[in-house]
Structure formats: C-alpha cells, structure tokens
Amino acid sequence: MEPVYKEDCSLSTCETIIMKAIWDKGEDISITELAETLRTKYNKDYKRTTIVTFILNLSAKGFARQYRVGRYAYVHALKSEEEYKRKLLKDQTDFWYHGDAAKVVAALCSTANITQKEIETIRGILDDLDN
C-alpha cells in the first residue's frame, strides 16, 4: 500500500530523533541498526514494531520509506537533513520572529557562547551576501 503524502507536516520529537539517526548514518539503515542507534545514542529503547510505526508515519509525511532486501528491512531518507533544517528554521523564524532574520541572529548571539572565530565566520557569510 502506497503512503498518502501530507504537505507541510511537522515531525514529532520521536520522529525527529529517528530521522536524525537515519541522516547521521549517511546511507540507508536497517531497522535493526536503527533500533540499536536509538538505544545507544539517544537512550530510546523502542520495540521494532514502534519503530516501524514511526517509519510509516514518516513515509506518509514524505520523509522516509521502508523497503526490504530478503529478510531485512531498511529505511531510506527521502528528504535531506539540510532541507529539513532550512524549513524548520524558516518556520520558526516566521512564527517567533515574524520573518525577521536579524532578530533570529540577535537571539542566537544573546543565548549562545559565540567565539571570536564564529563571529568572524558570521561576518564573512554576511559579507558574501553583499557580493
């Protein structure tokens, strides 16, 4: 049965952690390896059936798909981590800062311990936008 895709779906915390584990792998990941990664890296001891349910939800949202090779089930990311982070940042900027990127940068600078090197990198990025 093909999943019904839903546009503009946000991910739950659990779905986000699962996608992060998939993206961190950098390639398709078996359900078994995904379960082990969730347990060891994220302290999430999900049963296989729970993980499969999350994957079905992620599939319906257009983020991942599950497939089988012989007896083994694998998960493939359909959206990139960068694509998701850009969308997430845009949505949060629009919601909390009314689309004002300067306010986002100001908030980040006021809450993060930004090093001089990071400040120089940020300046370089902003300078590149002018060119």
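The values are calculated or read from the model by the stated rules, or taken from the named source; none is laboratory data. In this text the structure is predicted, and so the values were computed from the model without any measurement. Backbone-built Cβ (ideal geometry, glycine too); neighbour counts: all protein chains shown.
For the stretch 44-53, taking the residues that are surrounded by 15 or more Cβ atoms within 10 Å (Cβ to Cβ) and outside any helix (DSSP H, G or I), the one that is farthest from the chain's Cα centre (by Cα) is identified as Tyr46.
Out of Leu89, Leu56, which single residue is in a helix (DSSP H, G or I) and not assigned by TED's automatic domain parsing to the domain that holds Trp23? Steps first, please.
Numbers: Leu56 fails: not assigned by TED's automatic domain parsing to the domain that holds Trp23.
One residue alone meets the criteria, Leu89.
Residues that are touching a residue at least 24 places away in the same chain (Cβ under 8 Å), within 17 Å of Ser10 (Cα to Cα) and of a type outside the set (D, E, K, R): does the stretch 28-51 have at least one? Checking the stretch 28-51: not a single residue is touching a residue at least 24 places away in the same chain (Cβ under 8 Å), within 17 Å of Ser10 (Cα to Cα) and of a type outside the set (D, E, K, R). Would you check if there is a residue in the stretch 6-19 being surrounded by 15 or more Cβ atoms within 10 Å (Cβ to Cβ), more than 30 Å from Val104 (Cα to Cα) and touching a Leu at 6+ places or on another chain (Cβ under 7 Å)? Within the stretch 6-19, none of the residues are surrounded by 15 or more Cβ atoms within 10 Å (Cβ to Cβ), more than 30 Å from Val104 (Cα to Cα) and touching a Leu at 6+ places or on another chain (Cβ under 7 Å).
Evaluating Lys41 against the criteria (1) farther than 30 Å from Leu129 by Cβ; (2) not in a helix (DSSP H, G or I); (3) not aliphatic (A, V, I, L, M) leaves one unmet condition, (2).
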